[in-house]
Amino acid sequence: MENNSVVSAFLDQLIQKQIAFASWFNPKESQLGLIIGDASDVLFFDRFDRLNGEAGFVFAPYRITGKSPVILLKPKVYFEDFTSGIEPDINIFEPFGQNEERQICGIQTKEEYLKLIEETISSICEGALSKVIISRQIPVKRTDVSLGGTFLQLHDQTPNAFTYLVNLPVAGIWMGATPEVLIKSDGNRFETVSLAGTQVRKPGNEEYFWSTKDIEEQAFVSRYMLDVFFNFDIHQYKTIGPETMESGKVAHLKTSFFFPSEKIADFMGNFISNLHPTPAVCGLPKDLAAEFIQKNEVHERKYYTGYLGPWRLNQQVALFVNLRCMEITSQEYILYAGGGITSHSVPEKEWDETNQKAKTLLSVIDPESPLPVPPEKVES
């Protein structure tokens, strides 16, 4: 991008002035999308299907709560390709009030996380659950480096991902680089993706081999997609995959599904409400997995494993699952990472997988620093 320093400084100024905005790069593209709005341009919804008929940038949580609503930023100003030569006057925007900074209280030691994985595997082996996604928070001390510059660097390092930086009322500042499409328009059809399984990215053209656990985990997600299609009378579709997709420091198994847009054109919000959360971020059976997560995860996910992206802007939709992301507070970067637990899971490998996923963001926050070590457990 032309003159990165000017663009990053402008994004930093929006954050400093507490102005609502969303900025993003689509996968494999160099155009920077940017929406800026007044405080009154931000809408909050208590149901996913309330998005029907709306247009803007969506930032939706994993689970809707009073403190984590669905957020839609309607554009006062919208750039399909923002460059340093077209800066708007920042003084024309009405800022929003200071967000309440919620206390981060879900940090686990390695011992505590491994114990939870063991308990999850035991629950799955009992027969009611097939798969559960268990996540953790990784706190990193915040430095005074430019957030706009960090965002542009993240895009440069993960060009195959949807990279974003947002500053919104209630949610606050979030940044990420996610490889997973939730739903995307493609001419007269939509695309959605089944993504699961993780391993360290291999150098060059080295061949990937996938374990039974990874193949099984990805198949769960694909079967779920087909059930949603059936519920919406979608019986003709095209698939590509499973195939290996590289993103950042890791690789995944991916299957793409394409279907006619006319099937859901008038009720996309309802379709999203049925699709989200997918087994890739929740588990199967969906209701039981969601209940298990709510009972056993020690932190609130907020907007991690929710979804985000342009919604009906110029009649285009490009929503992505909010993976490889971090919440940015005044003192810390709070990284979120998780993995799919099945009966074939190995706790130590699940811990390693979350660390590998965190490296996508750690490489731009502080490339010289090793992965933070959680505090030792204090015996009572």
* Structure fact -> Checked VAL364, VAL317 against criteria (surrounded by 18 or more Cβ atoms within 10 Å (Cβ to Cβ), under 20 Å from LEU154 (Cβ atoms) and either touching a residue at least 60 places away in the same chain (Cβ under 8 Å) or within 16 Å of the chain's Cα centre (by Cα) (or both)); the one match is VAL364
* Structure fact -> In the set GLU246, GLU216, the lone residue that is surrounded by 14 or more Cβ atoms within 10 Å (Cβ to Cβ) and within 19 Å of the chain's Cα centre (by Cα) is GLU246
* Asked: For LEU43, all conditions in the list (1) in contact (Cβ under 8 Å) with a residue 40 or more places away in the chain; (2) over 17 Å from GLU327 (Cα atoms); (3) outside any loop (DSSP other than H, G, I, E, B) hold save one; what is the number of the exception?
  -> (1)
* Asked: When the range 40-77 is examined, which residues are found to be over 11 Å from ALA20 (Cβ atoms), polar (S, T, N, Q) and out of contact with any helix residue (DSSP H, G or I) (no Cβ under 7 Å at 6 or more places or on another chain)?
  -> THR65, SER68
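Looking at the range 330-344, can you tell me whether even one residue there is of a type outside the set (Val, Ile, Thr), touching a Gly at 6+ places or on another chain (Cβ under 6 Å), at pLDDT below 95 and under 30 Å from GLU118 (Cα atoms)? Reasoning before the result, please.
Taking the range 330-344 as the starting set, the residues that turn out to be of a type outside the set (Val, Ile, Thr) are 330-333, 335-340, 343-344.
Keeping just the survivors that are touching a Gly at 6+ places or on another chain (Cβ under 6 Å) gives none.
No, there is no match, as no residue in the range 330-344 is of a type outside the set (Val, Ile, Thr), touching a Gly at 6+ places or on another chain (Cβ under 6 Å), at pLDDT below 95 and under 30 Å from GLU118 (Cα atoms).
Kindly establish whether ILE264 is in contact with a strand residue (DSSP E or B) (Cβ under 8 Å, 6 or more places away or on another chain), at pLDDT 95 or above and either of a type in the set (Val, Ile, Thr) or surrounded by fewer than 18 Cβ atoms within 10 Å (Cβ to Cβ) (or both). Explain how you work it out, then say what you get.
Working: in contact with a strand residue (DSSP E or B) (Cβ under 8 Å, 6 or more places away or on another chain): yes; at pLDDT 95 or above: no; either of a type in the set (Val, Ile, Thr) or surrounded by fewer than 18 Cβ atoms within 10 Å (Cβ to Cβ) (or both): yes.
No, not satisfied.
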* **Near pairs, Cβ below 6 angstrom, 6+ apart or cross-chain, from the range 251-274 (within 21 Å of ILE240 (Cα to Cα)) to any residue that is buried (at least 19 other Cβ atoms within 10 Å of the Cβ) and polar (S, T, N, Q)** => HIS252/THR198; LEU253/GLN218; THR255/SER194; THR255/SER222; PHE257/THR192
* Filter pass, ASP46 being at pLDDT 95 or above, over 16 Å from TYR303 (Cα atoms), of a type in the set (Asp, Glu) and more than 19 Å from the chain's Cα centre (by Cα) -> no
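Output yes when any residue across the range 50-73 is part of a loop (DSSP other than H, G, I, E, B), at pLDDT 95 or above and hydrophobic (A, V, I, L, M, F, W, C), and no when none is.
Going residue by residue through the range 50-73, those that are part of a loop (DSSP other than H, G, I, E, B) are 52-55, 61-64, 66-67, 69.
Narrowing further to those that are at pLDDT 95 or above: 61-64, 69.
So of that shortlist, the ones also hydrophobic (A, V, I, L, M, F, W, C) come out as 64.
Yes - at least one qualifying residue is present in the range 50-73.
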* Hey, among VAL221, VAL228, which residue is of a type in the set (A, V, I, L, M), surrounded by 22 or more Cβ atoms within 10 Å (Cβ to Cβ) and within 23 Å of ALA280 (Cα to Cα)? -> VAL221
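The values are calculated or read from the model by the stated rules, or taken from the named source; none is laboratory data. Please read these numbers as outputs of a predicted model, since none were measured by experiment. Neighbour counts run over all protein chains shown; Cβ positions are idealised from the backbone, glycine included.
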